[in-house]
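Quick notes on the structure that follows.
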Amino acid sequence: MAISNTVLTTSISNVYVSSGNSVVSVMYFYNDNASTRDFSLFLVPSGTSTIDSTVQIYGNVQVTSQDTFVIDLEKLVLGNGDTIRANASANTSVTASVSYVGI
């Protein structure tokens, strides 16, 4: 099992890019700011560059100050080149951590 950490910005950016078949088991979104922040999460199939509501799986999820939002009920099976992308309502306040394993 491996872990990938990414500090989110207001721009949609890669949180995890699958370099083969992999399973994402847990995602954490930690807000280290004194204010509540939001994040949105997108699953983008390999070869797709368009980010719109068709690939958004979480939108404007609020994370209160010094708290963590955990996604652990869904397991994601990703193919080579599939991407998890995210953004936050403010730069450098929310860190996304992804736990994954290659299959």
> Tell me, in nm to one decimal, what length is gained between Ser46 and Asp32 on full extension, where the rule is 0.36 nm per residue of separation less the Cα-Cα distance?
Replying inline: 1.9 nm
> Highest GNM mean-square fluctuation, the chain, Cα pairs closer than 10 Å: which of Gly47, Gly81, Gly59?
Replying inline: Gly47
>> Can you compute 3J(HN,Hα) from phi for each residue in the stretch 13-30, using the Karplus curve 6.51 cos²θ - 1.76 cosθ + 1.60 with θ = phi - 60°, rounded to whole Hz and x for Gly and Pro?
In response: 9, 5, 9, 7, 10, 6, 9, x, 6, 8, 10, 9, 9, 9, 10, 10, 10, 9
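If the only charges are +1 at each Lys and Arg Cβ and -1 at each Asp and Glu Cβ, what is the size of the charge dipole of the chain around the Cα centre, to the nearest 20 debye?
About 120 debye.
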> Of Asn87, Val70, Thr36, which is farthest on the positive side of the dipole of the stretch 2-102, counting Cα position, with +1 on Lys and Arg Cβ, -1 on Asp and Glu Cβ, and the Cα centre as origin?
Replying inline: Asn87
> Taking the simple approach of a point 7 Å from Cα along Cα-to-Cβ for both Asn91 and Ala2, what is their distance in nm?
Replying inline: 2.9
> Which residue, Asp38, Asp67, Asp82, has the most motion in a Gaussian network model of the chain that connects Cα atoms within less than 10 Å?
Replying inline: Asp67
>> Looking at the chain as a GNM with Cα springs under 10 Å, which of Tyr16, Tyr28, Tyr58 has the largest mean-square fluctuation?
In response: Tyr58
>> Suppose each label sits 7 Å from its Cα in the direction of the beta carbon; what would the Ser19-Thr64 distance come out to in nanometres?
In response: 3.9
> For the pair Val55 and Ser99, what calculated FRET efficiency results from E = 1/(1 + (r/R0)^6), where r is the Cβ-Cβ distance and R0 = 25 Å, to the nearest 0.05?
Replying inline: 0.75
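Laboratory data are not the source of any read-out in this text; all were calculated from the coordinates shown. Just so it is clear, the model here is predicted, and its values are computed rather than measured. Note that we place each Cβ from the backbone using ideal geometry, even for glycine, and neighbour counts take in every protein chain shown.
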